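> Sharing a structure with you now.
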Amino acid sequence: MRNSDRYLENIVNLVYPRRCPVCDDIVPVTDGLICRECIAKVKYIKSPRCRRCGKQLFDENVIFCKDCEKKKHIYECGYALYDYQSMRRSIYRFKYNKRSEYAKYYAKDICEHIGTEIRSLQADAFIPVPLHPVRKARRGYNQAEILAKELSGLTGIPCYGNIVKRIVNTVPQKELDDRERQNNLKKAFHIPSDVVKLNKTIIVDDIYTTGSTIDAVARELRQHGVGKVYYLALCIGEGM
């Protein structure tokens with residue numbers, strides 16, 4: 001960052017103070033994007049991970065988590081950055097409390113911790129999981145799209161936020177069990193016939209739970225000619 005850009009950013013932060021994505025207090029300008037004392041509170045997903053969904057594993061001799069041993073996914077594989085419990089309040093504010101500014105920190109943290117893995121996928125595009133227009137209007141933004149755009153700026157991988165449409169305003173997935181989640185998402189997404197031809201894509205979302213949403217979007221992408229579909233999420237639960 002040029003000195004002039006850094007100076008301008010510092011002025012903006014003084015007028016509109018940045019909030020810490022962990023504690024939500026105002027971050028001192030000298031601290032950057034997160035309070036120094038909050039850095040140690042963040043719990044990351046580390047190796048060994050499930051080779052399919054990326055959940056944290058606790059046995060280096062295990063390849064897949066219990067969920068992925070039982071369920072065949074449509075996407076190839078994916079990565080998540082944080083353990084859900086350590087960042088669930090942060091993600092909630094990001095989604096529902098107008099803290100879209102957190103996306104800059106999240107994207108930077110993703111690139112620092114799993115940037116090598118993302119680059120190794122050699123993807124043509126980031127595809128954010130879409131919101132239904134009614135829900136997006138109520139919330140004011142699509143948190144997955146904001147994150148994908150920040151990632152695009154840091155990695156150079158294009159973000160296509162308008163390829164996949166959410167045409168059914170589904171019940172929130174957190175209120176359903178696994179079977180209900182799958183049924184809930186049937187025909188929820190749609191891709192126009194004039195979709196841009198892509199070979200490899202990374203679906204971007206905030207939370208990975210069972211993978212039903214990622215699979216539903218991946219199914220649409222695969223049916224429209226995308227060769228391989230991966231995913232990237234901020235948070236994921238524990239594996240076994």
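The values are calculated or read from the model by the stated rules, or taken from the named source; none is laboratory data. Treat the numbers as computed from the prediction; the structure is a model and nothing was measured. Cβ placement follows ideal geometry from the backbone for every residue including glycine, while neighbour counts extend to all protein chains displayed. These area figures cover heavy atoms from the full protein model, side chains too; ligands, DNA and RNA do not enter into them. Shrake-Rupley method; radii C 1.70, N 1.55, O 1.52, S 1.80 Å.
> Please compare each pair in Lys108/Lys186; Lys71/Lys165; Lys95/Lys228 to a cut-off of 32 Å on the Cα-Cα distance and tell me which ones are over it.
Beyond 32 Å between Cα atoms: Lys108/Lys186.
> Something else now. Averaged per residue, what accessible area in Å² does the chain show with a 1.4 Å probe, protein chains only?
On a per-residue basis, the chain sits at 54 Å².
> May I pose another question? With axes computed from alpha carbons, what is the tilt in degrees of helix 84-96 against the longest principal axis of the chain, rounded to the nearest 10 within 0 to 90?
Compared with the principal axis, the helix lies near 80 degrees.
> For the chain, taking Cα atoms only, what is the radius of gyration to one decimal and the Dmax to the nearest whole Å?
For the chain, the Cα-based Rg and Dmax read 17.9, 54 Å.
> To the nearest Å, what is the center-to-center distance of segment 201-218 and segment 65-90, using C-alpha atoms only?
9
> Assuming 0.692 mPa s and 37 °C, estimate D for segment 29-129 with Stokes-Einstein, Rh taken as the Kirkwood radius over Cα pairs, in µm²/s.
So the translational diffusion coefficient is about 212 µm²/s.
> Give, as a single signed number, the net charge of other residues whose beta carbon lies under 12 Å from the beta carbon of Asp24, with Lys and Arg counted +1 and Asp and Glu -1.
+4
> Just to be sure I understand the model, the point goes 7 Å from the Cα along the line to the Cβ. What's the resulting Phe58 to Lys165 distance in nm?
Roughly 4.6 nm, to one decimal.
> So how do 51-61, 105-115, 30-40, 77-87 stack up, highest first, on mean other-Cβ count within 10 Å?
Taking the mean over residues of other Cβ atoms within 10 Å, the ranking is 77-87, 105-115, 51-61, 30-40.
> Restricting to DSSP H runs of at least four residues, report the calculated mean residue ellipticity at 222 nm for the chain, -39500 (n - 2.57) per run over all residues, nearest 500 deg cm²/dmol.
-11500 deg cm²/dmol
> Could you work out the relative contact order of the chain, using alpha carbon pairs under 8 angstrom and six or more residues apart, expressed as a whole percent?
It rounds to 23 percent for the chain.
> Follow-up. Mean-square fluctuation check for the chain, GNM, Cα pairs under 10 Å: which of Pro21, Pro133, Pro192 is largest?
Checking each option, the largest mean-square fluctuation is seen for Pro192.
> What is the percent carbon and sulfur in the accessible area of the chain, measuring with a 1.4 Å probe over the protein chains and ignoring ligands?
That fraction is 49 percent.
> Related question: What angle, in degrees between 0 and 90 and rounded to the nearest 10, separates the Cα long axis of helix 3-15 from the longest principal axis of the Cα atoms of the chain?
Once rounded, one gets 90 degrees.
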